[in-house]
Amino acid sequence: MIPELKKSTEQRMGKSIDAFKSDLSKVRTGRAHTGILDHVIIDYYGTPTPLNQVAKVTLLDARTIGVSPFEKKMVQAVEKAIRESDLGLNPAAMGETIRVPMPALTEERRKELIKVVRHEAENARVAVRNLRRDANHALKEALKKKEVSENDERRAQDEVQKLTDRHVTEIDALLQQKESELMAV
């Protein structure tokens, strides 16, 4: 029972970190990367469709993303969707290609983004701690039902705590990396 509990707790903590990484990728830095546009939805003949399914997204240079719709008719729809997204980007159509320059971040905007990133990191830490609490609760229930001994329960709680510490450390490292990325001019 204890090995399955530890394994499922570790997997769920890993998923929390993956969700945090996904949230971090949404926060844009001064550099361009194609993942920024992953969440843009295009109205493709009445069907909401992710941008990467209707266009090829590439990097033209360090500060410019190129978007090439698969259909010429979709250029205006793609440009409009990028402009109306909450990313603060101003795309420009040039023939069949849309250029999306990444504006430089102001100091004030960088500080706002760092606050957002720290908030996301705290949410990820809370999620990991909640998983620890759930695992410890399950261990206490197993102890009450006499499915595990007190020593095994104590040892398992220590291992769950080590898992928690390791995942929180990973979250902190990701946070530091993103903060330094945001502050780089």
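A few remarks follow.
- Along principal axes, Cα extents of the range 12-95, largest first, whole Å: 45, 31, 19
- In the chain, the ratio of gyration radius to Kirkwood radius, Rg to Rh, stands at 1.16 when only Cα atoms are counted.
- By the count of other C-beta atoms within 10 Å, a proxy for reagent exposure, 33, 167 are ordered fewest to most as 33, 167.
- Net charge dipole size for the chain [Lys, Arg +1 and Asp, Glu -1 on Cβ; Debye, nearest 20]: 100
- Taken about its Cα centre, the range 34-101 carries a charge dipole of roughly 160 debye when the Cβ of each Lys and Arg holds +1 and the Cβ of each Asp and Glu holds -1.
- With the helix formula -39500 (n - 2.57) applied to DSSP H stretches of n ≥ 4, the chain reaches a computed 222 nm mean residue ellipticity of -20500 deg cm²/dmol.
- Rounded to the nearest 0.05, the FRET efficiency derived from the C-beta distance between residue 60 and residue 123 at R0 = 45 Å is 0.85.
- Taking every alpha-carbon pair under 8 Å whose residues sit at least 6 apart, the range 17-137 reaches a relative contact order of 23 percent.
- Label sites at residue 47 and residue 149, each approximated as a point 7 angstrom past Cα along Cα to Cβ, lie 6.0 nm apart.
- Note on the range 1-64: lysine pairs with Cα distance below 23 Å, sequence gap of 8 or more or different chains, count 6.
- Extension gain, residue 112-residue 87: 0.36 nm per intervening residue step, less the Cα-Cα distance, totals 7.6 nm.
Every read-out reported here was derived from the displayed coordinates using simple, explicitly stated rules and does not represent laboratory data. None of the values given here were measured: they were computed from a predicted structure. Note that each Cβ is placed from the backbone with ideal geometry, even for glycine, and that neighbours are counted across all protein chains shown.
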